Structure formats: structure tokens, C-alpha cells
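See structure below.
The values are calculated or read from the model by the stated rules, or taken from the named source; none is laboratory data. Remember, predicted model here, so these are calculated numbers, not experimental data. Methodologically, a virtual Cβ is constructed for each residue, glycine included, from the backbone with ideal geometry; neighbour enumeration extends over all protein chains shown. SASA here: full protein model, heavy atoms, side chains in, ligands and nucleic acids out. Shrake-Rupley method; radii C 1.70, N 1.55, O 1.52, S 1.80 Å.
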Amino acid sequence: AATLLLSRCLLKMVKENIVVPEEILSFCCNGLQGSTSPPRARDPGEREEAPGAMASPSPPRNPTEVQMSQLVLPCHTNHRGELSTGQLLKWIDTAACLSAERHAGCPCVTASMDDIYFEHTISVGQVVNIKAKVNRAFNSSMEVGIQVSYEDLCSGKHCSICKAYATFVAQGPFGSKVKLKPLTPQTEEEKIEYSIAAERRRMRLVHKDTLKDLLTRSPRETELETRDGSVAVPAEKTRVESVELVLPPHANHQGNTFGGQIMAWMENVATIAASRLCHAHPTLRAIEMFHFRGPSQVGDRLVLKAIVNNAFKNSMEVGVCAEAYGQEMSISRRHINSAFMTFVVLDQEGRPRTLPMVAPEPGEGERRYREASARKKIRLDRKYVVSCKQTEVPLSVPWDQSNKVYLSYNNVSALKTLVAKANWALTREKEKVRMYTLEEDKFLSFRIEISVHIAASQAFSLLSDLRRRHEWDRHYASAELVQQVDDDDAIYHVVSQTLSHENKPQDFVILASRRKPCSKGDPYVVAFRSVTLPTHPASAGFTRGETLCSGFCIWPESEEMSKVAYYNQATPGYLNYVTTNVAGLSSNFCATFEACEKFLLKNKEDLIMRLQDL
């Protein structure tokens, strides 16, 4: 009662433009359940005391970080007493928006929400903990990373629920875009997320092209699966259409419909569509990218449509979209959002049940059916590629043209993650060449760097073509371009001079992915990793070698000076060679990099002349 009275007094003071004392604000922000504001910042030197011990100083918190804790009440749950996914999406979007606005200093709107995979359900009485912080700011958009976990207050158990990435756009007066200030990462984790955010952004932009390319090369005919004892259900029987009137409680502080509310409404109609197929209560397992195409305001009518696109053996995909219109029906509807949701139906033991088949309608229904199959393939490939554990054998991943975006993403992000690691130690220095090592539980990585009198763009052009590497690296006998995937990716067949333990030369099939800087301060990147190609299987004359993660990063130091660094996460077959150089028993690394410098200096003038001729 006291808290309610205090809240009402606070609201009255704000309306009457009365200055609110800081003590009252601090209590209201930190004392109310569901608060998203961090505790009051301590004065310099102030420490929090704990009974019987002095608290150690905590590391500085990211200024954009927002933490939200919500107690799951019966009003938040479904018939099973589990937290509604729609309610969770509201909380996620709220926390992410507050983090974005903390960095931008102005209103922000949700542009998209990346794929979300839900690992567990949350029960009534448990606490949802959400942590959101800006990973990277681009021109007018920023990526916010969100981590969601639950806490059981009785047992003290903590468990991860999902991890999500949302894109927000800062808006000025009358909806104008605002140029964002850059974000400076501090911790190792923040530096990794900052670096890979550019790759995730690139992957979002080409997602549609990836799907289109896969469908182009797939058979046009729709092949329906056959299941014993199952009768195909017409997809039209699962169709749902529902309308919602946007009221003030559904709007954010800018007067636009709250993005989390739209996502919750979409989840609701998608669940109904899935239930009509299976005649049971489905569980949402994954959401594929919410994409907001435009805003809606208080007073708009939102039409939400959902239909089961395809039903696989144990899961189904539901397509859902949201359209908006005003009071006048004569005005055409505006498509404001769309998403694809994957549902399963669990039995009493928690295992997925076999689902009925879906019979798509000719035309648009068949198109949705085929696209659902393509999206499932992309999801499975992406989940394998992005989450592939480095301890798995073999190290090479199968090359798949339809999944090239995610293989390229994994290649570059692995190198960027290695670059951003802390605890690199200088182990050797010979003249201008410096060698560093990073010792981890299962891997020994090394980096060699040198400053060269050459523009970074020129060094990038020369080092990204593996066909010229034999000119400075004596370990390379030859490199054949097998496939030019696109402007940024190519596959090479490399033959090494180094003999294996079988006394045979080694060969490699390598995916080379190159990236120009996304913003000032970013390096030029050339990443390498092994892939397998059916056209180039292992042959008896060679020992097939593998590289897990290696490549170049090139930082401009001035217009005519660059720092060139080579990174390699040593594989078992390469480990002895690495440790020999680290221990100082060999100078091959230093000699090779000195030869690299000479190659760059020798060829930069020719490169300038060729570019001028173009």
C-alpha cells in the first residue's frame, strides 16, 4: 500500500513539473518489482559492505547495460502454468529498447529481431532475468544483445533460456534518423561481440538472397511426404485471422505501437494456427527474424494472419504477418511485420510427437510449402555451422553453396573472436617482427605482426589472393582457385611443400573470406578455414591437412603505413612446428614474415599502376 501511494504521489509530482528528490526516484526505480533501472551509481571510493566481509570492487558496468527481473505470475502464463512466449517477447523488447535509448539518448524503434531459439520453458513462481546491452552502433542503427535466463527462488537454480540480437534505429523529431555516437568496447566479451556484430549485420542484409538462391536451385515440384496412418490436413484449415485495436496501453512512449506487443499478438495467432493442425497445445521452439517494415499508431487496427506453411515429422512452421489500417477501410493495409515460428507438440515425457501432414493449396500455398522446407535447411545448416564445436572432428566443414552466407560468417567471426581475445603474450621479437602466443585449455594460438610501409588497402589486395602466397611463403608450393564464390569469398586447393609424417606433401581445400572495414578503426580481414568439396576429395598422393582458424588482419597506421598481423589456431599436425618457433629453436616464422614484407614492398608499385590503368 505504501509503495502504491508513493507511486501515485510521484506521478502527480511529474505531471505538475515538481522536481522529484533523488532518494524517491532511487527507491521507485530499485524497489518496485520488474524494475529495469540499475542501482544508483556509487560515489568514487564508495563500497558496498557485506556482513563479515568487505565486498571486492566490481568491474565497471557497460553504460548501455540494462537488467530486468520479472516474477512470473499466473496472469503471465498459459494453461500449463508456463510463461507465455508473447509476454517474454514483450519483456525482451522493453529491455532492449531501454538499452538502445540509453546509448542513443533519444527515442528508438525496433527494426528487427534475429532468430530466437528457446531452450527451456519457465514456470509460474520463477524469476525471469534479462540483460540487454548495445554491442555496436552503426550510422543510425545499433545491435543490442539480449541474454535471458530464469531463476528458481526455492532451489536457487539458474538456467539459460535464450540469446537474442535486436536491431534498433534512433529517431529524431518527426521520425528523422539520428547519427549515433560510436561505442567503445571494454571487456574481452564486449570486444568479441563488437567485432562480430558487423558480420551479423552483413548476414541479415543478404538473408533474402540466400533463400532465393536456394529456391532457384531446388526442384519446382512440391513433393509431399508420406507418413504411415497420417492423412494430410489442408493448410487452409489452419488459417487464422484476428484484428486488434491499438489502444494507449499498447503504445510506447513515442505513441507508436509497442514492438513487443505486436510480437506477442503475432505469437498468439501463430499458436492458434498450430493448434488447429495438431489438435493439441503446441510449444514454440524457435522464431525466425521479426522484421518491422513500418510503424503503427494508437487508433490503428492491426490484422494478424497466420497459417501452417509446412509440417515436418516432429515440427511445423507457421507463417504470420501483421497489417495495419486506420478507421477508413478504403485505405489500403500496410504490411508492418512478418515472421516464421517453429512449433512442436510434446508428449507426457517431453518428447516431440509425430505431426499430421499438411496439404498446401496450389499456387501461393505450394510456394510457402517450398520456402518452409528451404528455411528449415538453412536453420539446420546455420545451427551446425555457427555452433560447431572446435573439438569436433573433422575440422573441415562441408561446403554448401546454399549455405555460403553462414559458412562465410563462421569463417570471419571465428578469426575476429580469436583477434579479440585477451591474454596474448609477447614471446619473441626479432627486429621488426613480433610473435605472440595465446595459451588456452585445448588450443595454442599464435600471432605474428609487422609494420610495413604500404597502404592497408594495398596489403589487403595482395594478401587475399592465395595464388600469390608461394612468392613469399616457402611452405606453399601452389594454390589453385577452385571456385570464386562471390566478390568476398573464394575456395582454393593449396599444395604445401611441407611433408607429413607419412612422407607425403600436404594439401588443403581452403575457404578464403575477405572483409573491408565496416567503420573507422576496423581492420581489413582475410580469414581461412578448411572445407570439404566433392570435386576435390583426398587423394593418395597427398596427406589432407586442415586449418581450423587462421588469417590476416591489417590495420592502417597512417595513409602509407600498416600493421599486418597473421593469426593461427594451431591444429595438432601443425603444433610441433609452432612450438619449435615459439621456443626459439627455429626462426622460420620470422623469416617468412620478413619475406612477406619484401613481397608487399616489391609489388605495391605494380598494384598502384594496375589500379590507375583501371
Global geometry of segment 393-613, whether rounded, prolate or oblate, following the gyration tensor of its Cα atoms and the 1.5 cut on a/c: rounded
Peptides 249-256, 140-147 ordered by average Cβ neighbours within 10 Å, highest first: 140-147, 249-256
Per-peptide average of other Cβ atoms within 10 Å, ordering 442-450, 417-425, 192-200 highest first: 192-200, 442-450, 417-425
Residues whose placed amide H lies under 5 Å from that of Glu560, excluding near-sequence neighbours: none
Carbon and sulfur %, accessible surface of segment 110-169 computed with the full protein complex present, 1.4 Å: 51 percent
Ellipsoid equivalent to segment 118-215 - semi-axes via the Cα gyration tensor, in Å: 30, 20, 15
Segment 265-374: radius of gyration and largest Cα-Cα distance (Dmax), Å: 15.4, 51
Lysines whose Cα lies under 27 Å from that of Lys598, excluding same-chain neighbours fewer than 8 positions away: Lys416, Lys430, Lys432, Lys516, Lys563
Accessible area of segment 393-613 divided out per residue, in Å², using a probe of 1.4 angstrom: 46 Å²
Å² per residue, accessible surface of segment 63-192 at 1.4 Å: 42 Å²
Rg followed by Dmax, in Å, when segment 63-192 is reduced to its Cα trace: 15.8, 50
Hits among lysines - C-alpha to C-alpha of Lys157 under 19 Å, sequence gap 8 or more where chains match: Lys131
Long-range amide H partners of Cys549 with built H, under 5 Å: Gln569
Segment 231-390, accessible surface, carbon-and-sulfur percent (1.4 angstrom probe): 53 percent
Peptides ranked, highest mean first, by Cβ atoms within 10 Å: ranges 266-275, 500-509: 266-275, 500-509
